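The values are calculated or read from the model by the stated rules, or taken from the named source; none is laboratory data. A quick note: this is a predicted structure, and the numbers were derived from the prediction, not measured. As a convention, Cβ positions derive from the backbone with ideal geometry for all residues, glycine included, and neighbour counts pool all protein chains shown. When the accessible area is computed, the model is the full protein with side chains, heavy atoms only, and any ligands, DNA or RNA have been set aside. Shrake-Rupley method; radii C 1.70, N 1.55, O 1.52, S 1.80 Å.
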Amino acid sequence: MRKNILKLLENNSKLSPKEIALMLGLPPDEVAREIAEMEKEKIILRYTTLINWEKVGEEEVSALIDVKVTPQRDVGFDEVAARIYQYPEVKSVFLMSGSYDLSVLVQGKSLKEVASFVAQKLATIEHVQSTVTHFILKKYKQDGVIFEDQITERRQVVQP
Amino acid sequence: MSQNRNFEPQRFISPVVKNLRPSGIRRFFDLVANTKGVISLGVGEPDFVTPWHIREACVQALERGYTMYTSNLGMPELRRAVARYLEERFGLSYHPDKQILVTIGASEAVDLALRTVLNPGDEVLIPEPCYVSYKPITLLCGGVPVEVPTTQARNFQPNPQEIEKRISPKTKLLILCYPNNPTGAVLDEDTMMAIARVVEKYNLLVLADEIYAELRYDGPPVSFASLPGMQERTILASGFSKAFAMTGWRIGYVAAHPELLAAMVKIHQYTILCAPIMSQMAALEALQHGLKDISYMVEQYDQRRRLVVSRLRDMGLDCFEPKGAFYVFPSISVTGLSSEEFAERLLKEEKVAVVPGNAFGPSGEGFIRCSYATSLQELMEALNRIERFVARYTRLAKAVAHG
Ligand SMILES: Cc1ncc(COP(=O)(O)O)c(C=O)c1O
């Protein structure tokens, strides 16, 4: 039941427990209880909204930064990651397999702001060996949602 | 075009075609198309785009130069895949070379079946409300449509006694479309068995339009042909449009007794030659790797179905619970409006399009068909608008009743 509730909420956090209950054919109070518990257990962390900021005319710069970490005794990736994710500019941090170790998504108001964050904050963290910054030029799809307005109705409006 | 006053096109049009009533939906379509900002629940096809791997199979086929005719019957691989699918999903065994014909959608399958068996004057039993094409095609074949009303009180199940009552020496064929468009009804087991007994007793054929077979919310799909003694008497019309979200591909099939199939192939080879090869390639991919897509879509439809039924009932509309397809067919009698009034005013006042129930037969009067093959967001907005509308007219109807 939890998985089904979560799948619905992941796509549309506006759904009420009652609506979810209807859609899944479950008792509403049970769904409400289950959601509350999952919030408590930190399975549900936050209810967010996916926004196309570009359409609002809001300038926003994001960069994906590949971070290489110098392996050290006593200092694992977790510690380095923790130091990085404290910064509010950092939106997400992933441990990666392959040619670098951490993938860091940084957001700022301008190119300069992001660049200086990387140079002054990120690169200077102890055990950070190197950084490679990739600025994001355009978002096509995020969290399974395509940003283009091509999803207009193409079907005939009334059919037998 | 120059106008020659002596040329009268109408004189050339056959009386059968001239007298054919234009689809009730057509008129309503123009009304909706000319209104801006409409949320349409009048659409009879999936809101999903054909799954990417199926589209890709078509792209690849084109890249490899598959642009030719196929066998009249359709590609042998596709017919084998259809046979395997019918066996696995419905327990039906058909010979891929003698009993399966690939068609231009279930539409062609229905047309072929009727043209193959009907003599002028033959009567065709058609439970209604139903899909709009059976009656006109019957008329085009010189047949006589005999409608069998179904009612919400009996869960839109065709009543075997009502069927039997309408059987005459001229009756040849019974058309069954379940899961049903527009009601969403599926045949319950007892009804199916009883109908099968009537069919046997009067030596009838059945045309089973099972295009919605996969969209079932109460258990696995069932085919009428799988009932004891029914396979040889059933012409099974189906296709890929609804189950795999492939309406625009125009691809379907018909499965029948070898002799009936051979007769249908005669018409098909002269009128159609063969179904388009690109669509056949895509259909093959759908059957080979697309069953998981069906279960995903069915899950989505099911969630919306529950929501829509419950919301409509909360508004005070008497709404039959559909067990298949992607339509709900609520009664609108509390509003005091006719089906067409309801649909037209809802469109004008709240910009939501639904299809008036009487477009599907006289028994559809007092109902509307809403499709839930629409995104959840749109569906919820449409329901909010319908709720406002129904509340307004229910109040009015009550005030009138109390004088
Ligand atoms: C009951 C029924 N049969 C047949 C069809 C047509 O199907 P196809 O696209 O396979 O021709 C439809 C389409 O709406 C339908 O509702």
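I'd like to check something: does segment B:100-114 contain any residue that is of a type outside the set (Gly, Ala, Ser) and away from the ligand (no atom under 16 Å from the Cβ)?
no
In segment B:251-268, what count of residues is obtained for those that are crowded, with 24+ Cβ neighbours inside 10 Å and not in a helix (DSSP H, G or I)?
Adding up the residues that qualify gives 6.
Does segment B:295-309 include one or more residues that are surrounded by 17 or more Cβ atoms within 10 Å (Cβ to Cβ), at pLDDT 95 or above and more than 14 Å from chain A (Cβ to nearest Cβ)?
For segment B:295-309, residues surrounded by 17 or more Cβ atoms within 10 Å (Cβ to Cβ), at pLDDT 95 or above and more than 14 Å from chain A (Cβ to nearest Cβ): present.
Restricting attention to segment B:269-278, and to residues there that are within 30 Å of B:SER371 (Cβ to Cβ) and surrounded by fewer than 23 Cβ atoms within 10 Å (Cβ to Cβ), which single residue is farthest from the ligand (Cβ to nearest atom)? If you could, list the steps in order and put the result at the bottom.
Going residue by residue through segment B:269-278, those that are within 30 Å of B:SER371 (Cβ to Cβ) are B:272, B:275-276, B:278.
Next, from what is left, pick out any that are surrounded by fewer than 23 Cβ atoms within 10 Å (Cβ to Cβ): B:272, B:276, B:278.
Numbers: B:ILE272: 13, B:PRO276: 13, B:MET278: 16 Å.
Of everything passing the filter in segment B:269-278, B:MET278 is farthest from the ligand (Cβ to nearest atom).
Which of the following residues is of a type in the set (A, V, I, L, M) and either part of a strand (DSSP E or B) or not assigned by TED's automatic domain parsing to the domain that holds A:VAL67 (or both): A:VAL93, A:VAL118, A:VAL114?
A:VAL93
Would a scan of segment B:148-158 turn up a residue that is part of a loop (DSSP other than H, G, I, E, B), within 16 Å of the ligand (Cβ to nearest atom), hydroxyl-bearing (Ser, Thr, Tyr) and within 14 Å of another protein chain (Cβ to nearest Cβ)?
For segment B:148-158, residues part of a loop (DSSP other than H, G, I, E, B), within 16 Å of the ligand (Cβ to nearest atom), hydroxyl-bearing (Ser, Thr, Tyr) and within 14 Å of another protein chain (Cβ to nearest Cβ): absent.
What residue, among those in segment B:126-139 that are more than 14 Å from chain A (Cβ to nearest Cβ) and within 16 Å of the ligand (Cβ to nearest atom), is nearest to B:GLY105 (Cα to Cα)?
B:THR138
Considering segment B:202-250 alone, what residues qualify as being within 14 Å of another protein chain (Cβ to nearest Cβ), within 16 Å of the ligand (Cβ to nearest atom), among the hydroxyl-bearing types (Ser, Thr, Tyr) and not in a helix (DSSP H, G or I)?
Correct list: B:TYR212, B:SER241.
Given the structure, is B:ILE163 under 21 Å from the mean Cα position of the chain (by Cα), away from the ligand (no atom under 16 Å from the Cβ), away from chain A (no Cβ under 14 Å) and open to solvent by less than 10 Å² (accessible area, probe 1.4 Å)? Can you show your working first?
Values: under 21 Å from the mean Cα position of the chain (by Cα): yes; away from the ligand (no atom under 16 Å from the Cβ): yes; away from chain A (no Cβ under 14 Å): yes; open to solvent by less than 10 Å² (accessible area, probe 1.4 Å): yes.
So B:ILE163 fits the description; yes.
Based on this model, can you work out whether A:VAL80 counts as in contact with an Asp or Glu (Cβ under 6 Å, 6 or more places away or on another chain) and crowded, with 16+ Cβ neighbours inside 10 Å?
Working: in contact with an Asp or Glu (Cβ under 6 Å, 6 or more places away or on another chain): no; crowded, with 16+ Cβ neighbours inside 10 Å: yes.
Spelling it out, it is not the case that A:VAL80 is in contact with an Asp or Glu (Cβ under 6 Å, 6 or more places away or on another chain) and crowded, with 16+ Cβ neighbours inside 10 Å.
Evaluate the following for A:SER99: is it part of a loop (DSSP other than H, G, I, E, B) and away from every other protein chain (no Cβ under 14 Å)?
yes
Of all residues being more than 13 Å from chain A (Cβ to nearest Cβ) and not charged (D, E, K, R) in segment B:335-357, which is nearest to B:PRO129 (Cα to Cα)? Just the residue, please.
B:SER339
Does B:PRO179 satisfy the criteria of being within 16 Å of the ligand (Cβ to nearest atom), in contact with a Gly (Cβ under 6 Å, 6 or more places away or on another chain) and either within 14 Å of another protein chain (Cβ to nearest Cβ) or free of Cβ contacts under 8 Å to residues at least 40 places away in the same chain (or both)?
Answer is no for this residue.
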